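Data block below; observations after.
The values are calculated or read from the model by the stated rules, or taken from the named source; none is laboratory data. Keep in mind the model is a prediction, meaning the values are calculated, not measured. Here the Cβ positions follow ideal geometry from the backbone for every residue, glycine too, while neighbour counts run over all protein chains shown. Accessible surface areas use protein heavy atoms only, side chains included; no ligands, DNA or RNA. Shrake-Rupley method; radii C 1.70, N 1.55, O 1.52, S 1.80 Å.
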Amino acid sequence: MPENWNAVASANHFLQLPYLKVLELSAPTNMQCFYIGFYENSELIGVSLAQYLDLNKLESFGERDNCFKTYIRNFIFRNFASHTLFLGNNMITGQNSFTFNKEINFQEVSTVLMQCSQELVAYFKQKGIKIHLVSFKDFYQDCAIEFKNHAFADVYEFNTQPNMIFELTSTWLSVEDYYNSFSKKYRDQYKRSHKKFDGILVKELEVEEVVFHEKRINELYHHVAKNAPFNTFFLAENHFSTFKKECGNGFKIFGYFLEDKLIGFHSVLLNDTVLETYFLGYDDHVQKEKMLYLNMLYNMTEFGITHQFKKIIFGRTALEIKSSIGATPVMMSGFIYHRNKVVNKFLGKIFKNLEPEAVWQQRHPFK
């Protein structure tokens with residue numbers, strides 16, 4: 001990698017070398033990562049990430065929903081989208097696909113991203129692999145609108161579930177400030193969940209402890225992942241320990257223990273002034289009894305407040321419960337095209353029929 005890669009990628013930890021090394025050493029078994037440099041003459045001015053996914057290597061797309069629509073969706077993905085190229089990071093939510101160390105206009109950015117996809121499609125063609133789908137992942141609306149005006153004008157734009165983001169109030173200096181901002185209903189929810197949580201020890205795990213508990217961590221992660229409505233990958237068995245070894249304090253994993261048994265964990269990534277929630281797992285029987293997931297959300301929020309982060313990225317799942325602790329929906333867009341012209345012509349209709357509609361009620365927990 002170029003010596004000044006980290007300096008160019010300084011605005012985003014997910015494009016810096018420690019995180020990229022995590023991907024290289026412990027990416028999902030069906031994923032291959034590509035690291036892209038943008039040069040102006042001979043000077044590196046920008047970096048990007050791309051990921052190729054072979055869905056044929058995936059045992060399951062997710063086991064929560066068992067219906068005819070799910071069967072049709074899985075059939076289509078197996079037969080018409082098994083070789084998918086992402087410009088961006090399919091493992092996290094947010095605009096993390098590129099960064100530049102100087103001002104670059106949207107027209108130029110959209111053009112070079114499209115060039116990247118074309119170069120990678122040609123690379124795989126030489127390898128005897130035909131890319132079916134190309135997706136450009138996760139852009140905030142101001143960026144998406146500009147891209148649509150330029151190189152992505154003829155590319156299908158899609159919006160899936162919103163990204164739940166918690167903009168932390170600058171006057172909150174303690175957990176008490178956060179709690180006192182709730183209306184009575186949500187103060188009662190907070191107290192009830194903490195009462196149910198009694199008897200559970202939460203402990204930040206060091207590298208050696210992550211290694212020691214990794215088999216159990218993976219069991220808890222897979223329980224949650226397999227019950228998701230849709231997956232395109234599953235984490236490698238050494239992912240969490242590799243992440244901790246390479247990123248140190250930039251990656252934190254917290255274990256939840258009941259009578260000395262690990263019954264859950266959550267992990268977070270420290271990205272400058274932004275706290276990014278990462279993968280978690282839990283024992284489903286304990287989760288229901290102890291309101292484990294809700295308490296994890298509170299714990300992540302309180303960590304963000306006490307360490308003075310400006311916002312927390314909670315991602316796309318469990319929208320309603322995340323709104324009950326203070327996160328709000330932020331719509332993000334992606335762009336996608338199929339390399340079969342006939343399929344691409346009807347991609348909009350196909351996508352809308354396959355994407356499950358998110359029916360949820362936003363909660364407003366504060367006074």
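The distance separating the Cα centre of the stretch 1-59 from that of the stretch 297-343 comes to 22 Å.
Bridging of LYS184 to lysines at a Cα separation below 16 Å is possible for LYS367, once same-chain residues fewer than 8 apart are set aside.
Separation of the alpha carbons by more than 23 angstrom is noted, of LYS137/LYS349; LYS57/LYS322; LYS196/LYS244; LYS57/LYS130, for LYS57/LYS322; LYS196/LYS244.
Applied to the stretch 265-280, the Karplus parametrisation 6.51 cos²θ - 1.76 cosθ + 1.60 on θ = phi - 60° returns per-residue 3J(HN,Hα) values of 7, 9, 9, 9, 10, 9, 10, 6, 8, 10, 9, 9, 6, 10, 6, 9 Hz, with x for Gly and Pro.
To the nearest 10 degrees, how steep is helix 17-26 against the longest Cα principal axis of the chain, on a 0 to 90 scale? Taking Cα atoms only, the helix is inclined about 90 degrees.
Using the alpha-carbon atoms, what tilt in degrees (0 to 90, nearest 10) does helix 106-126 show relative to the longest principal axis of the chain? Helix 106-126 sits at roughly 70 degrees to that axis. From the P(r) of the stretch 164-329, can you give the percent of Cα pairs sitting at distances over 30 Å? Pairs farther apart than 30 Å: 13 percent. When nucleic acids and ligands are ignored and a 1.4 Å probe is applied, TYR293 ends up with an accessible area of around 30 Å².
Ignoring aspartates and glutamates fewer than eight residues from LYS261 along the same chain, the ones with Cα atoms less than 19 angstrom from its Cα are ASP198, GLU204, GLU206, GLU208, GLU209, GLU214, GLU219, ASP283, ASP284, GLU289. Heavy-atom accessible area, probed at 1.4 angstrom with all protein chains present, ranks THR111, THR317 as THR317, THR111, highest first. On a per residue basis, the stretch 164-329 carries 44 Å² of accessible surface, using protein heavy atoms and a 1.4 Å probe. Listed by chain and number, the aspartates and glutamates whose C-alpha is less than 13 Å from the C-alpha of LYS21, apart from same-chain residues fewer than 8 away, are GLU246.
Since only SER10, ILE131, GLY304 are under comparison, the one whose Cα sits farthest along the positive direction of the charge dipole of the chain, derived from C-beta charges on Lys, Arg, Asp and Glu, is ILE131. Taken over the alpha carbons of the chain as equal point scatterers, the Debye sum produces base-10 log I(q)/I(0) values at 0.12, 0.13, 0.14, 0.15 Å⁻¹ of -0.99, -1.16, -1.35, -1.53.
For the chain, what is the mean residue ellipticity at 222 nm derived from helices alone (per DSSP H run of n ≥ 4: -39500 (n - 2.57); sum divided by total residues; nearest 500 deg cm²/dmol)?
Computed mean residue ellipticity for the chain: -11500 deg cm²/dmol.
Here the accessible area of the stretch 164-329 is 52 percent carbon and sulfur, with a 1.4 angstrom probe and all protein chains present. Using θ = phi - 60° in the Karplus curve 6.51 cos²θ - 1.76 cosθ + 1.60, the 3J(HN,Hα) couplings for the stretch 340-352 round to 8, 4, 5, 4, 4, 4, 9, 4, x, 5, 4, 4, 5 Hz; x is entered for Gly and Pro.
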